[in-house]
Amino acid sequence: MEKINVEERAEKARQLFHEGYNCAQSVVLAYSDLFDLDPSLAASISAPLGGGMGRLREVCGAVSGMFMIAGLYYKNDVPSDMAKRKQVYATVQELAEQSKALNGSIICRELLGLDHKSDAPTPEARTEAYYKRRPCADYVASAARLIGEKLNQEISKE
């Protein structure tokens with residue numbers, strides 16, 4: 001894998017969010033080409049994670065998308081490979097800490113300043129007003145940047 005242009009990927013993720021993809025989809029789609037992951041499949045498997053997991057406002061979708069890319073990179077597909085599992089979990093914990101340090105939390109409702117636990121499953125219309133009051137595009141770019149930087153660290157070790 002070649003070195004990643006992190007800012008280009010962060011902007012791609014931001015653009016995807018503005019096109020209507022949810023936070024998780026935006027991050028996963030920004031990197032799916034590196035793993036030969038079909039964009040339709042990438043969008044479908046990450047779709048449930050938007051809105052902090054189905055609008056439950058739990059773990060931020062952008063953060064979940066970042067974790068999915070880490071999983072694709074480290075390929076922990078053998079259940080008995082505990083070293084690889086540990087590597088994936090350590091990476092998730094590292095990325096979570098970095099995201100918390102940058103944004104204050106990895107929990108959707110905290111990032112959005114919501115005072116309720118979850119929202120109805122119906123997504124909001126993506127209007128200009130929606131984008132003005134939702135900082136999600138910034139969180140999407142942040143997550144895309146963090147995972148890109150992590151991948152670049154790993155690539156430089158190869």
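The values are calculated or read from the model by the stated rules, or taken from the named source; none is laboratory data. Note that the coordinates shown come from a computational prediction; the quantities given were computed from them, not determined experimentally. Cβ sites come from the backbone with ideal geometry, for glycine too, and all protein chains shown count toward neighbours. In case anyone asks, the SASA skips ligands and DNA or RNA and just uses the protein heavy atoms, side chains included. Shrake-Rupley method; radii C 1.70, N 1.55, O 1.52, S 1.80 Å.
Note on the range 38-80: among residues that are assigned to a loop (DSSP other than H, G, I, E, B) and touching a helix residue (DSSP H, G or I) at 6+ places or on another chain (Cβ under 6 Å), the one that is most open to solvent (accessible area, probe 1.4 Å) is Glu58. His18 meets each of the listed conditions (1) free of Cβ contacts under 8 Å to residues at least 60 places away in the same chain; (2) surrounded by fewer than 23 Cβ atoms within 10 Å (Cβ to Cβ); (3) closer than 17 Å to Pro135 by Cβ; (4) not charged (D, E, K, R) apart from (1). Of everything in the range 88-115 that is out of contact with any Ser or Thr (no Cβ under 6 Å at 6 or more places or on another chain), at pLDDT 95 or above and not in a helix (DSSP H, G or I), the residue that is nearest to Gly65 (Cα to Cα) is Ile107. The criterion of being of a type outside the set (Val, Ile, Thr) and either open to solvent by 20 Å² or more (accessible area, probe 1.4 Å) or without any contact (Cβ under 8 Å) to a residue 60 or more places away in the chain (or both) does not hold for Ser142.
The residue that is nearest to Leu56 (Cα to Cα), among those in the range 116-139 that are modelled with pLDDT under 95 and among the hydroxyl-bearing types (Ser, Thr, Tyr), is Ser118.
Applying the selection to the range 82-127, what residues are free of Cβ contacts under 8 Å to residues at least 12 places away in the same chain, open to solvent by less than 90 Å² (accessible area, probe 1.4 Å) and farther than 25 Å from Gly148 by Cα? Passing the criteria: Gly113, Glu124, Ala125, Thr127. Each residue in the range 107-117 was checked for being within 14 Å of the chain's Cα centre (by Cα) and farther than 13 Å from Pro135 by Cα, and 1 pass.
Here the condition is being within 19 Å of Lys150 (Cα to Cα) and at pLDDT 95 or above; of Leu49, Leu34, it holds for Leu34 alone.
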